[in-house]
Structures are given as C-alpha cells and as structure tokens.
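Right, one structure below, let's go through it.
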Amino acid sequence: MSLNFRKTGGNALSILTSDAMNRATSFVLYALVARHLGAHEFGQLSLALTLFYIFQVLAVAGLKTLIIRQVTIDRSQTSRYYTTGCAIVTLSSFSSLALLFGFVRLMHYPADTTLVILLTCIGLLPYAISAICEGIFQAWERMYLIPYVNVPVNVAKVSCAFLLLTRKNGLYAVVLILLSSLVVAALTEVWMLFRKFPVHMELVDYYFCLATFRSAVTFLGIDGTIAVMSSLNVLLLSKLATETEVGLYSAATQLMVPLLLVYQSIGQSVFPLMCRKVEPGFQSLKRISAQVIEVLLILALPALAGLFFLGDWALSILYKNPVFQQAFPALRIVAWVLISQVFTSVLGQALVASHREKITLRIVAVDTLVNLLVGWPLIRVLGLRGAAIALLATRLVDCCQHYVPVSRLFGGIPLAQIIWKPIIAGVCMTAYLLLSSTQAGVLRSVSATAIYSAALIVLAIWASGGVRHLKTSTFFS
C-alpha cells in the first residue's frame, strides 16, 4: 500500500504549522534578545530554553508517544488515558522542578542566569498538560486542532515580547511572556478536548496509572536521553566556555530548525499510519518509509548547499550583529547534520511503530555516550568549532545505528533508488553556487533553488517515462 500524500500532507501541514510557530517565535525571541540585549543575554535565554527542553521530557514522562499509539488502536480509551496522563504528569512535573533546582545549584551558574532558568521552567506543568492533549489530537488524526491553539498564542507571545523589548524591558519580561503563553495554550487545549471529543474526567485508577507509567518508561528513557544528547554541547559550552559561545552555537543551529521541523512534522503525521500498517514482512511499512525518506532528501540537499555557501549571508540578515558572523565556520560543519537526520527521523518512527522502542533506547544511549566522549575534549580544545564537530559525529553514529536494524527488519532498504535523483540535482545546484560566488546572496539563493528544482523535475520525468506516467506514479498518488 502506498502512502496517501494528500491526507498525510494535510496532517503534516497542521503539525508543521504548530511546530513552526513554536520554533519561529522562539527564534524571533532569540533574534530580539540578540539585537536589543546582546550576546550574553542571548546565551542565557539559550541555556534556559535548553534546560527547559531537557526537563520537559521528564515532565511529560514519555506519555505522549504511548498515548498516540494506544489511543490510535482503541479510541474508546481516550478518557482513561487523559485522566491517567494528567495525574502522572502533575507528579512528574513537580519532580522535574526539584531535579532542576538541584542541577543549577550543582553547576554554580551566576545568580542572574540561575533565576532566568528557574523562572522559565515553572512552565513545565502546563507544557506537559498540553502534550497530553496534543497526543490525543494526533491519535484521532485531528492535527488541525493543534495550530488552532498554538498559532494565535504564539503570535501574541512574540508581539508582547517585541513591545516589551523595544521599550527597554529586560530578559525577565521575555521569560514572563513565555510562561503566560504556556498556561494559556494548556487551558485552551483542555477546553477544546472536552468540547470536541468524547472525553470526561474519570476517577484515577492507581493500578492503571502504574501500568501506564511502566509502559511509558521506555519512551521516557528515549526522549530523556535524546534531550540530554541534543543539549549536551550547550551544557558543555556553558561550563567549559562562556554564555557568548553558547549564543553563537545556538545561532548556528537555529538556522537548521525550519527544515528539522519539516522532518518532525512529516514523521509525526505518518506515525499513526505506520502503527496501523505493521504486518508480517513489513512491506507496507518499508514502502512508506522509503517514500518519506525520498521526500525529505529532496528538501535536505538544497538546504545543506544553501547553508554551506550562503550561511554567512543568512547570519548577517537574521541577527543584524557582526559578532554572529563568528558562528559561520560552525554552521558549515553542523549543516551536514541535515542529511543524517532524514534517515533518523523516518527510521526511528518505523522502529517505534513496530514495537521496537527498546532498540531506540539503546541507540540514543550510545549516542549520548559518544557525544560526551567526543564533545568534552573537542569543546575544551576547540570551543565552538569543537561543539559543531561533536554534533556531526554523534548524528552520524545515530544514523548508522538506525539504518542497520531497520534494514535488517525490512530485508534491505532500496537506498540507491531513493537517493540518486536528489543527489544529481544537488550536484547541479552546488556547481552553480561554486561558479557564482560574486553574486548577491538573494540572487544566488533564488537561482540555485530554481536550478535544483528544474533538474529534479527533469530527472523525475525521465525516470518515470514521461509527464503522463509521472502524474500517475505511486509517489504522487
């Protein structure tokens, strides 16, 4: 069975819209803080949001993925999983706050940085409640409800932050805006859940809570380890270097966020379909995975070329501060992560859909160990550039660990068939960028994208045997 791109595209667009608004407004907040307050405050905000990302995983306790899978299979359990999920995340959120307080005391951050971190992480409980609601929305494949809440909340968030910063308010005002937006989003999603779904509050069943938490422990381990691994370079930089280098590293990695959001959104939208199409032999799951990998590669290769050749121009346009040009060498290294993440984002969903999440847990544990062993000496010696190299090395190890078990599970992955068209089109784009180094950034980016698109279309028509066959091919069905 082929992937229904129309339905999947609609669900992916809904998730992408929500996630893009969340990340875009965070990015705008970063940019506003960088322009109005400076690189030090930018680093403080980056560190606070990094720690929030780590500890929100503990607050959610792995329940979102479990709820999506279980409610997708049996929607009559929606109320039970909602009540149980809320009870568990209330306890786990307060536990996360206690652990966070101990962590910042152990790290001996400056008092002002510590206060920014603790204020930001008060929002863990409302974030966790939102995660439970959005898991149910995804399980019912009503992803369009998520941007209904997040888009207006995020627009209001960034508008208020802009007004406060332009009126010379400090970083604490931005943090209070972030907290308010999390609370409003959680309350609105709970209201929508009760209004649009057959949900009612049930008495908390202690034994079912315990069984649910035990089932979610593997997902908690996966999400928590991924969070630590993803944040480890920032934490090492904050300890071995300065908040300024944290800011420069975040400035480089933020440029990859839009495409990584696309990966995440498409993966989340396909996940319920993957869960339903797990059959002996895994042929449907294999076809779906191959199709999604090809789509993501088509998006990843031009983005990689653009960041590698035009990243300095992008940094100057977005941040309007010459100090952020120092992030360009690191950006040219971390941009290669976009390729490995294509495979990881799709194959990781395939492992979970086929109930092999323990393999995923093992993978991310190895990734974290590799990141620590490689990152600590590299960051100590090379600073910012060492963090970039450590990130790329870890992601390559991660990609290989996903590819091998899924390839065995599927009886092979048709890699050559998937990658040849995007690679040839990418070579055409790269050749143009190498030959047009004297042109303005906007003209180079537009022209390079046009060349890549034209080459890809020609290759697709040739491979399918003509325009008529292209229109009726499986890929476009």
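FYI, it's all coordinate maths here, none of it is from the lab. If you're wondering where the values come from, they're calculated on a predicted model, not measured in any experiment. Note that each Cβ is placed from the backbone with ideal geometry, even for glycine, and that neighbours are counted across all protein chains shown.
Structure above, values below:
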read-out: Violating pairs (Cα-Cα greater than 32 angstrom) within the set Lys196/Lys358; Lys64/Lys320; Lys168/Lys239; value: Lys196/Lys358; Lys64/Lys320
read-out: Relative packing of 415-423, 199-207, 186-194, 261-269, which averages over residues the other C-beta atoms within 10 Å, highest first; value: 261-269, 186-194, 415-423, 199-207
read-out: For the stretch 5-413: relative contact order, % (alpha-carbon pairs under 8 angstrom, 6 or more apart); value: 23 percent
read-out: Two-decimal log10 I(q)/I(0) for the stretch 179-222, as the Debye equation yields it once each C-alpha is a single scatterer, q = 0.25, 0.26 Å⁻¹; value: -0.86, -0.85
read-out: Percent of alpha-carbon pairs separated by more than 36 Å within the chain; value: 29 percent
read-out: Local electrostatic count, Pro414, Cβ distance below 15 Å [Lys/Arg +1, Asp/Glu -1]; value: +3
read-out: Under the span-like rule (Cα at least 20 Å along the axis, Kyte-Doolittle mean at least 1.6), DSSP H helices of the chain; value: 171-196, 337-353, 415-435
read-out: Centre separation in Å (Cα based) which lies between the stretch 349-397 and the stretch 191-211; value: 36 Å
read-out: Contact order relative to length of the stretch 225-377, as percent, for alpha carbon pairs under 8 angstrom and 6 or more apart; value: 39 percent
read-out: Summed side-chain charge close to Phe162 - residues other than Phe162 whose Cβ falls under 13 Å, Lys, Arg +1, Asp, Glu -1; value: +4
read-out: Net charge of neighbours whose Cβ lies under 14 Å from the Cβ of His36, counting Lys and Arg as +1 and Asp and Glu as -1; value: +3
read-out: Candidate aspartates and glutamates for bridging to Lys157, where Cα separation is under 19 Å - those fewer than 8 sequence places away on the same chain excluded; value: Asp19, Glu41, Glu189
read-out: Peptides ranked, highest mean first, by Cβ atoms within 10 Å: ranges 54-60, 232-238, 93-99; value: 54-60, 232-238, 93-99
read-out: Peptide ranges 425-434, 141-150, 243-252, 298-307 listed from the most packed, as the mean C-beta count within 10 angstrom indicates; value: 243-252, 298-307, 141-150, 425-434
read-out: Within the stretch 273-353, trypsin sites (Lys or Arg not before Pro) in DSSP loop having at most 12 other beta-carbon neighbours inside 10 Å; value: Lys320
read-out: Cα-Cα P(r), the stretch 313-387, percent of pairs per 10 Å interval; value: 16, 32, 30, 18, 4
read-out: Cleavage-rule hits (chymotrypsin sites (Phe, Trp or Tyr not before Pro)) in the stretch 289-363: DSSP loop, at most 11 neighbouring Cβ within 10 angstrom; value: none
read-out: Alpha-carbon Rg/Rh ratio, for the stretch 283-325, with Rh computed the Kirkwood way; value: 1.32
read-out: Debye intensity ratio I(q)/I(0), log10, the stretch 237-382, q values 0.09, 0.20, 0.21 Å⁻¹ (C-alpha model); value: -0.37, -1.20, -1.25
read-out: Quarter of Cα convex hull surface for the stretch 66-200, i.e. mean projection, nm²; value: 9.0 nm²
